[in-house]
Every structure is written in structure tokens, then in C-alpha cells.
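Asks: First the structure, then my questions, so here it is.
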Amino acid sequence: MLQTTIAGSLPKPSWLAEPEKLWAAWRLEGDELAAGQRDAALVWLKEQEDAGIDIVSDGEQFRVHFVHGFLEQVEGIDWQRKTKMGIRDNRYVVDVPTVTGPVRRKGSVHGAGFEFTRAHTGHKLKFTLPGPMTICDTIADAHYGSRPEMAMAFAALLNEEAQEIEALGADVIQFDEPAFNVFMDDVKEWGIAALHRAIDGLSCTTAVHICYGYGIQENIDWKKTLGAEWRQYEEIFPALNASRIGQVSLECAHSHVPLSLIGLLRDKDVLVGAIDVASEEVETPDQVAATIRAAMEFVDPERMYPCTNCGMAPLPRQVAAGKLRALGAGAALVRNQLGAE
């Protein structure tokens with residue numbers, strides 16, 4: 001009950017990449033890079049276990065970015081052909097690589113890193129992959145001609161990868177879909193269908209993570225435009241509740257999301273974001289416990305997994321570690337209270 005987990009990324013140690021920066025280039029190469037990535041994964045496994053995190057992950061230490069880390073091993077993408085594109089409905093405009101032909105994996109993308117991580121923890125282990133809609137919103141298309149068609153092509157590749165990761169011992173495979181909070185009509189028209197393609201044949205727990213983005217300035221500025229209540233989840237949760245996805249991860253702490261919206265997920269396990277990743281202030285266990293208790297009005301503790309709002313890659317390492325400890329301690333407070341009752 002109230003098993004804790006994280007949403008995705010954790011900061012890269014300074015020996016591996018420039019700290020507190022998204023998409024930071026590796027500081028190592030070749031065998032030294034592989035060793036540095038393994039060392040970083042071990043550091044964060046230890047930090048999570050010591051903090052009382054029940055379902056751990058590698059913190060995405062084997063990839064520069066949650067989307068491009070997967071795409072780098074996919075054929076049919078021209079990395080030299082850059083296209084200027086608005087990401088997340090033009091929240092920010094960047095030069096992105098371009099799909100120029102049918103996409104196909106060159107081989108296993110994340111298998112080696114996951115296999116190493118699995119061998120070094122006895123905890124339940126989660127692995128995260130980018131969702132097909134978010135991939136389509138992070139790369140330009142000069143081949144498929146429609147986002148739904150391209151999403152299904154990527155969903156097939158994600159499914160191949162997920163099947164391999166499950167076979168290596170994953171307990172949970174999570175697909176990260178921040179684009180779901182932007183293109184709500186598309187979610188219902190084809191986004192969930194693409195997710196279903198990505199999870200075909202999996203028997204492990206499946207999850208989808210939907211948040212309001214990393215704690216970077218572009219996302220902070222966007223949130224200021226959303227008003228006193230953030231109700232994007234209201235548009236998509238009924239469809240997700242009817243989907244085959246096992247768990248839904250959402251943002252709660254220090255947000256303007258009405259917690260009553262969790263009630264729309266009455267048939268799902270809910271990963272309740274109890275850690276604010278847009279602030280360097282480390283929560284107290286009591287603050288985390290208060291978020292969990294507030295969410296318990298709308299979801300039974302047996303279906304709740306306290307979590308982080310989003311990935312913590314841009315945060316200082318010690319801040320992220322402190323937030324992990326607060327998450328574990330806050331969930332323990334509520335478990336102890338429920339046990340006493």
C-alpha cells in the first residue's frame with residue numbers, strides 16, 4: 001500500500017554531464033562513457049533505496065533525453081536535416097531531426113542499461129519510454145504525412161523495445177506522454193490507440209505519465225497562462241479510465257490541478273505526484289503526507305502510488321536526493337497512520 005516511485009529522470013552526476021541542464025552532452029566517450037553511466041545508475045539506485053522508494057528506476061542515466069535517447073537508435077531519421085518546429089503546441093520552438101523514411105530500430109536501444117540495473121537491485125524496477133504521441137510532437141515528419149500514422153509506426157518500435165525490457169525483468173513499463181495535456185482531442189481520437197499498440201502483449205504493469213513538464217522556464221511560463229484551475233486531465237481521464245493502461249501518473253503537488261479529477265480514474269492505479277519538480281525547495285515529509293492524504297479523498301490508498309510530479313533532471317543533485325527522502329518518509333507517515341487505525 002502506498003508504494004513510492006519516481007516519474008522519470010534524475011540529475012546526471014557532474015562527471016557524466018553538465019549538471020542542472022536538460023539535454024546536456026556526455027562528458028565521456030566510449031568505454032569510459034559506458035562505465036560512467038553504470039556508476040551513475042548505481043548511485044541513484046542506492047539513493048532511491050536509502051530514501052525508501054519502493055519501485056526504483058535507473059533515473060534515465062543511460063540517455064541524454066527521454067525522447068531522443070530512444071530515437072538515436074532508430075533508422076529512418078535524418079539527424080542532419082533539422083526542421084524548426086513548435087513543441088507542445090508551440091510552447092517552445094526548436095530545431096528537430098526529421099523522419100525521412102520508414103522507421104526501424106537498429107537493435108535493442110535500452111536493453112544493456114536495463115539489464116545492468118536489474119542485476120543491481122532487488123527492488124521492483126520501473127523503466128520509462130517516450131509515448132508515441134510525444135515522439136511525434138518532438139520530431140518532424142517528411143515521410144508519413146500524418147501524425148496518427150507516424151505514431152503507430154513508432155508505437156510498433158516501442159512495443160518491440162518494451163517486450164525486450166519486460167523479458168529482462170521489468171516490473172513496470174511507463175510511457176511518458178506530456179503531449180496528452182496539450183492535444184486532448186488527439187488523445188481520444190488516436191493517442192490512446194497508439195498507446196495500446198505500444199503495450200500489445202505485455203504482461204507487466206503498464207503506466208502512462210502525463211504532466212505539465214519539467215521545471216524549466218518555458219513550462220513555468222506556460223503554467224501561468226492556465227488560470228486558477230488546471231483542468232486538462234478532465235478532458236482525457238475518462239478515456240484513459242476505459243483504456244488498457246494499468247496506471248496513470250499525474251501532477252498534484254504545488255499545482256492548480258483540482259484533486260477531484262482523480263475520481264475520474266476509478267478503475268486505475270494512480271501515481272499521485274507529491275513532489276514539486278519546479279522548485280528547489282525540498283519538501284518536508286509532512287508536506288508530502290498532506291498531499292497524499294488530500295488525494296486519498298478521491299482514490300483508495302490501495303490504488304495509490306506516491307510519486308514525483310515529473311522528472312528531476314534539471315535539479316541540483318542534492319535537491320533531488322532530498323526530495324526522494326521526503327517522498328519516502330512522507331509515504332511512511334501515512335502508512336503508519338493507516339496501520340495504527
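The values are calculated or read from the model by the stated rules, or taken from the named source; none is laboratory data. Please read these numbers as outputs of a predicted model, since none were measured by experiment. Neighbour counts run over all protein chains shown; Cβ positions are idealised from the backbone, glycine included.
Asks: Looking at (1) outside any loop (DSSP other than H, G, I, E, B); (2) free of Cβ contacts under 8 Å to residues at least 60 places away in the same chain, which one does Arg63 not meet, given that it meets all the others?
Replies: In the conditions (1) outside any loop (DSSP other than H, G, I, E, B); (2) free of Cβ contacts under 8 Å to residues at least 60 places away in the same chain, Arg63 misses (1) alone.
Asks: Something else now. Would a scan of the range 96-108 turn up a residue that is surrounded by fewer than 17 Cβ atoms within 10 Å (Cβ to Cβ), free of Cβ contacts under 8 Å to residues at least 40 places away in the same chain and touching a Ser or Thr at 6+ places or on another chain (Cβ under 9 Å)?
Replies: no
Asks: Given the conditions (1) in a loop (DSSP other than H, G, I, E, B); (2) without any contact (Cβ under 8 Å) to a residue 60 or more places away in the chain, report the number of the one that Trp44 does not fulfil.
Replies: With (1) in a loop (DSSP other than H, G, I, E, B); (2) without any contact (Cβ under 8 Å) to a residue 60 or more places away in the chain applied to Trp44, the lone miss is (1).
Asks: Which number in (1) assigned to a strand (DSSP E or B); (2) touching an Asp or Glu at 6+ places or on another chain (Cβ under 7 Å) marks the one condition that Ser108 misses?
Replies: Only one criterion is unmet by Ser108, namely (1).
Asks: Please return the ranges of helices (runs of 4 or more DSSP H) entirely within the range 149-246 where 3 or more residues are in contact (Cβ under 8 Å) with a residue 24 or more places away in the chain, more than 27 Å from Ala278 (Cα to Cα) and out of contact with any Phe, Trp or Tyr (no Cβ under 8 Å at 6 or more places or on another chain).
Replies: 192-199, 232-241
Asks: For the range 109-137, name all the residues that are hydroxyl-bearing (Ser, Thr, Tyr) and over 15 Å from the mean Cα position of the chain (by Cα).
Replies: Selection gives Thr117, Thr121.
Asks: While we're looking at this one, here's another question. What is the residue count in the range 66-77 for residues that are free of Cβ contacts under 8 Å to residues at least 40 places away in the same chain and in contact with a Gly (Cβ under 9 Å, 6 or more places away or on another chain)?
Replies: Number of matching residues: 2.
Asks: What tally of residues in the range 111-148 results from selecting those that are of a type in the set (A, V, I, L, M, F, W, C) and either under 16 Å from His209 (Cβ atoms) or outside any helix (DSSP H, G or I) (or both)?
Replies: So the answer is 8.
Asks: Of everything in the range 295-325, what is of a type in the set (A, V, I, L, M), within 25 Å of His65 (Cβ to Cβ) and part of a loop (DSSP other than H, G, I, E, B)? Give them in sequence order.
Replies: Met312, Ala313, Leu315
Asks: Only one residue in Val282, Val334, Val299 is closer than 29 Å to Ala40 by Cα and among the aliphatic types (A, V, I, L, M). Which one?
Replies: Val282
Asks: Quick check on Lys21: is it in a helix (DSSP H, G or I) and basic (Lys, Arg)?
Replies: Criteria not met by Lys21.
Asks: So, in the range 247-288, exactly how many residues are assigned to a loop (DSSP other than H, G, I, E, B), of a type in the set (D, E, K, R) and either surrounded by fewer than 22 Cβ atoms within 10 Å (Cβ to Cβ) or touching a strand residue (DSSP E or B) at 6+ places or on another chain (Cβ under 8 Å) (or both)?
Replies: Residues that pass the stated criteria total 6.
Asks: Restricting to the range 291-317, what's the tally of residues that are in contact (Cβ under 8 Å) with a residue 40 or more places away in the chain and farther than 12 Å from Ala274 by Cα?
Replies: So the answer is 9.
Asks: Let me ask another. Condition check: touching a Gly at 6+ places or on another chain (Cβ under 6 Å) and more than 24 Å from Asp276 (Cβ to Cβ). Does Leu10 satisfy that?
Replies: The answer is no for Leu10.
Asks: Based on this model, can you work out whether Asp89 counts as of a type in the set (D, E, K, R), within 26 Å of Ala7 (Cβ to Cβ), modelled with pLDDT under 95 and assigned to a loop (DSSP other than H, G, I, E, B)?
Replies: Criteria met by Asp89.
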